[in-house]
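Here is the structure we will look at.
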Amino acid sequence: MSANGPRIIAVSSGKGGVGKTNFTANLALFYASLNKKVLILDADLGLSNIDVLFGIAPKYNLKHVLLGEKKIKDIIVTGPLGITILPASSGIRELTKLTDGHRLKLVSELDDFDMAFDVFLIDTGAGISDNVLFFCSAAQETIVVVTPEPTSIADAYALIKVLSRDFGEKNLRIMINTARSEKEAFDTFRKLAIVADKFLNLSIDYLGFLPFEPHVKDAIIAQKGYIAMYPNSAFTKKLAHIGKKLLDNPLNEVKGTIQFFLKKALRVG
């Protein structure tokens, strides 16, 4: 790892189907296009998707590491623009709730993982499972992806409440996805901000929004990043703005290695 360590950002959501993983993949592509060294940990250990979005079929994944069959270096795959990916398993029920032994094994393996990165993105699962809370707690800050639908807003608040109340997390940012307008996006954020302030005494940060874009499905089907297929789209311009804001305005100035933050999460958990 570099002396100051990478920016460690978890991307999560209260419910599935809000575009969290697609956002993570395109954010990674944006940073890689800036010549940043990017590592993605697919932390949705029961339903991996990052490798699918990039059209990659890993031979090994984190299941093999957690079971002691492989080392981290054995499962690494390289995505477009040199993005490094630690792929998760899919359809493995026993990994949907990591044991203390699994968590210790992951930290131990990362202790031996000495590649340097500028940005470490953790694509968590959705909801408030132990795995989601562990990986969000391991990050310097967490982006909660929300859509304007009432169910997404309600579930996002539930995630924010647990992270704040039970884990002491304060560095939470909100990214509104598939908004029909800037007003709809900010109105969605405002609903969350009001209840977070009133009931949690918590100030959450508005990161920005991505517009509804029907061609996103085309990119997913093609297993290519949307910003690569449509570099001049409004979606791509908004994503670039979000990516720059994250780099230029970190919520947490604390520096540390990936291992440092995972160990912090072990203590919290």
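Structural remarks
- Residue that is over 24 Å from L251 (Cα atoms), touching a residue at least 60 places away in the same chain (Cβ under 8 Å) and among the acidic types (D, E), where the choices are D111, D155, D118: D111
- Residue that is β-branched (V, I, T) and more than 15 Å from F113 (Cα to Cα), where the choices are I76, I50: I50
- Checked against (1) hydroxyl-bearing (S, T, Y); (2) in contact (Cβ under 8 Å) with a residue 40 or more places away in the chain; (3) assigned to a helix (DSSP H, G or I), T142 passes all but condition (3).
- Candidate set: segment 39-52, residues that are of a type outside the set (S, T, N, Q) and surrounded by fewer than 24 Cβ atoms within 10 Å (Cβ to Cβ); chosen: the one modelled with the highest pLDDT: L39
- Qualifying positions in segment 179-194 - surrounded by fewer than 21 Cβ atoms within 10 Å (Cβ to Cβ) and either part of a helix (DSSP H, G or I) or touching a residue at least 40 places away in the same chain (Cβ under 8 Å) (or both): E182, K183, E184, F186, D187, R190, K191, A193, I194
- Candidates L86, L34, L27, filtered to the one that is under 27 Å from N177 (Cβ atoms), among the hydrophobic types (A, V, I, L, M, F, W, C), surrounded by fewer than 18 Cβ atoms within 10 Å (Cβ to Cβ) and at pLDDT 90 or above: L34
- Screening segment 17-53 for residues that are under 17 Å from T236 (Cβ atoms) and hydroxyl-bearing (S, T, Y) and picking the one that is nearest to the chain's Cα centre (by Cα) gives T24.
- Checked against (1) under 15 Å from I40 (Cβ atoms); (2) of a type outside the set (D, E, K, R); (3) buried (at least 23 other Cβ atoms within 10 Å of the Cβ), P80 passes all but a single condition, namely (3).
- Residues that are acidic (D, E) and either in a helix (DSSP H, G or I) or within 11 Å of the chain's Cα centre (by Cα) (or both), drawn from segment 117-135: D123, D130
- With a requirement of 2 or more residues that are within 21 Å of V107 (Cα to Cα) and without any contact (Cβ under 8 Å) to a residue 60 or more places away in the chain, the helices (runs of 4 or more DSSP H) lying completely within segment 1-92 that satisfy it span 62-66, 72-75.
- The listed residue being in a helix (DSSP H, G or I), within 19 Å of the chain's Cα centre (by Cα), of a type outside the set (D, E, K, R) and crowded, with 19+ Cβ neighbours inside 10 Å, out of I176, I160: I160
- Pick from segment 133-153, criterion surrounded by fewer than 16 Cβ atoms within 10 Å (Cβ to Cβ) and of a type outside the set (D, E), ranking: farthest from L98 (Cα to Cα): P150
The values are calculated or read from the model by the stated rules, or taken from the named source; none is laboratory data. Since we're looking at a predicted model, the values are computed, not measured. Neighbour counts run over all protein chains shown; Cβ positions are idealised from the backbone, glycine included.
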